[in-house]
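Below is one structure; the comments refer to it alone.
The values are calculated or read from the model by the stated rules, or taken from the named source; none is laboratory data. Source: prediction; values computed, not measured. Note that we place each Cβ from the backbone using ideal geometry, even for glycine, and neighbour counts take in every protein chain shown. Heads up: the accessible areas ignore ligands, DNA and RNA and are worked out on the full protein's heavy atoms, side chains in. Shrake-Rupley method; radii C 1.70, N 1.55, O 1.52, S 1.80 Å.
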Amino acid sequence: MNAETPPAILFLHALPLDGTMWLGQLDLFPTTCYAPTLYRHGNSIENWATAALKEVHEEKIIVIGCSIGGSCALEIAKLAPHRVRAIVLAGTKAHKNPNPVFLEQAVNLIRTRGPNAAWNAFWKPLFSVSSNDDVVRAAKESFDKRSARELVDGTVAFHMRPSRLDLLESFPHRTVFISGSHDIAPGPELTFKQAQTARDGSCHVIPNCGHYAPLEATSAFNAILRQELLVHFPAECGS
């Protein structure tokens, strides 16, 4: 169907990482890939989505996001439904339960005690205890490049994002959900429920994996991408 003009792939990073988290996926398919780092676009998920969309020159897009990157992917599908051919959401919750008290506490922690305190409190616990130490160390090195301002903006963007359950129900193309079995945000059970909500949804749970599946279980994550996106890249996948 799309073999002659395959869609571009837009990879959207998790908080508190950056576009380099997708280095293990950029060569999977014979198409143009984009993996922008979005913090410079402020504290609005809508602004992140608008900016990311502008980076893609091709008309057709597959959007793959992890954590807040998945939230951004949903915003892109809302902004440009005619362009998006599939969505892959790893560790993503479409529905948002506002928690202004937690948001204020998180922002205050970053500002008063610094990024490392926030890493230990919020993000390091999202890795599975089974995760390779080198993977966690590399993620921390990426995190160390973030300023306190970027982390605050990313945290605000995440907590102030709109709910997009309505989009799951209306999006006409494939929506792929991926969760690590050890993920606690949102976790396998909620991920499965979201897949049931989607018009054309599927759910994959990767064993012994936490929140950051593209990093923690690269081979398993890539195998899911190949399986689910086969229709868009038949020549690459041996179809």
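Assign one of three labels to the chain, namely rounded, prolate or oblate, based on the Cα gyration tensor with a ≥ b ≥ c the square roots of its eigenvalues; rounded applies when a/c is under 1.5, prolate when it is not and a/b is larger than b/c, and oblate otherwise.
prolate
Can you find, among I184, H204, I224, the residue farthest towards the positive end of the dipole of region 124-239? Put +1 on the C-beta of Lys and Arg, -1 on that of Asp and Glu.
Positive-most Cα among the choices belongs to I184.
Whole Å is fine, so just give me how far the alpha carbon centre of region 37-94 lies from that of region 142-173.
When both Cα centres are located, 9 Å separates them.
Based solely on its DSSP helices, what 222 nm [θ] is calculated for the chain when runs of n ≥ 4 H residues each add -39,500 (n - 2.57) and the sum is averaged over all residues, nearest 500 deg cm²/dmol?
-11500 deg cm²/dmol, from helical runs alone.
Over the chain, with the other protein chains present, what is the accessible area per residue in square angstrom, probe 1.4 angstrom?
Heavy-atom SASA per residue in the chain reads 44 Å².
Could you compute how much accessible surface S128 exposes when probed at 1.4 Å, giving the result in Å² to the nearest 10?
Counting only protein heavy atoms, the figure is 10 Å².
Would you please give the residues with an amide H less than 5 Å from that of H204, counting only those at least 5 places away or on a separate chain, with H modeled from the backbone geometry?
F177, I178, S179
Based on the alpha-carbon gyration tensor of region 121-239 and its eigenvalue square roots a ≥ b ≥ c, which shape applies: rounded if a/c is under 1.5, prolate if not and a/b is larger than b/c, or oblate?
Note, shape of region 121-239 comes out oblate.
Stretch E169-D144 to full length: gain in nm at 0.36 nm per residue minus the Cα-Cα span?
In short, 5.2 nm is gained.
Mind checking the dipole of region 14-131: about its Cα centre, +1 per Lys or Arg Cβ, -1 per Asp or Glu Cβ, Debye to the nearest 20?
Approximately 260 debye in magnitude.
Only Cα pairs within less than 10 Å get springs; with that Gaussian network setup on the chain, which residue of T92, T218, T191 has the largest fluctuation?
Among T92, T218, T191, the largest mean-square fluctuation in the Gaussian network model of the chain belongs to T218.
State the answer as a single residue: which of L17, N116, L126 lies farthest towards the positive end of the charge dipole of the chain, with beta carbon charges of +1 for Lys and Arg and -1 for Asp and Glu, about the Cα centre.
Comparing the listed Cα positions along the dipole, N116 ranks first.
Carbon and sulfur together cover what percent of the accessible area of region 95-140 at a 1.4 Å probe radius?
50 percent
Cut-off 10 angstrom, C-alpha nodes, Gaussian network model of the chain. Which of R83, R161, R113 fluctuates the most?
In this elastic network of the chain, the residue with the biggest mean-square fluctuation among R83, R161, R113 is R113.
Given a 1.4 Å probe and the protein chains all in place, what does the accessible area of Y34 round to, in Å² to the nearest 10?
30 Å²
Rank F102, A73, T50 by how far each Cα sits towards the positive end of the charge dipole of region 49-118 (+1 on Lys, Arg Cβ; -1 on Asp, Glu Cβ) and give me just the farthest.
F102
Once phi is turned into ³J(HN,Hα) by the Karplus curve 6.51 cos²θ - 1.76 cosθ + 1.60 with θ = phi - 60°, what whole-Hz value does each residue of region 206-221 show in order, with x for glycine and proline?
Calculated HN-Hα couplings, in order: 9, x, 6, 9, x, 6, 9, 4, x, 8, 6, 9, 4, 4, 5, 4 Hz.
Any idea what the dipole of the chain comes to, in debye rounded to 20, about its Cα centre with Lys/Arg Cβ at +1 and Asp/Glu Cβ at -1?
So the dipole magnitude of the chain works out to roughly 500 debye.
Normalised by the number of residues in the chain, what is the relative contact order in percent for Cα pairs under 8 Å and 6+ residues apart?
25 percent
Enumerate the calculated ³J(HN,Hα) couplings along region 164-176 in order (Karplus 6.51 cos²θ - 1.76 cosθ + 1.60, θ = phi - 60°), each rounded to whole Hz, writing x wherever the residue is Gly or Pro.
Per-residue couplings from phi come out as 10, 4, 4, 5, 4, 6, 10, 5, x, 10, 5, 10, 9 Hz.
Rounded, prolate or oblate: pick one for region 41-145, where a ≥ b ≥ c are the square roots of the eigenvalues of its C-alpha gyration tensor, a/c under 1.5 means rounded, and failing that, prolate if a/b is larger than b/c, else oblate.
Prolate is the answer for region 41-145, as a/c is 1.5 or above and a/b outweighs b/c.
Show which lysines lie in cross-link reach of K60 when reach means a straight Cα distance below 19 angstrom and same-chain residues fewer than eight apart are skipped.
K78
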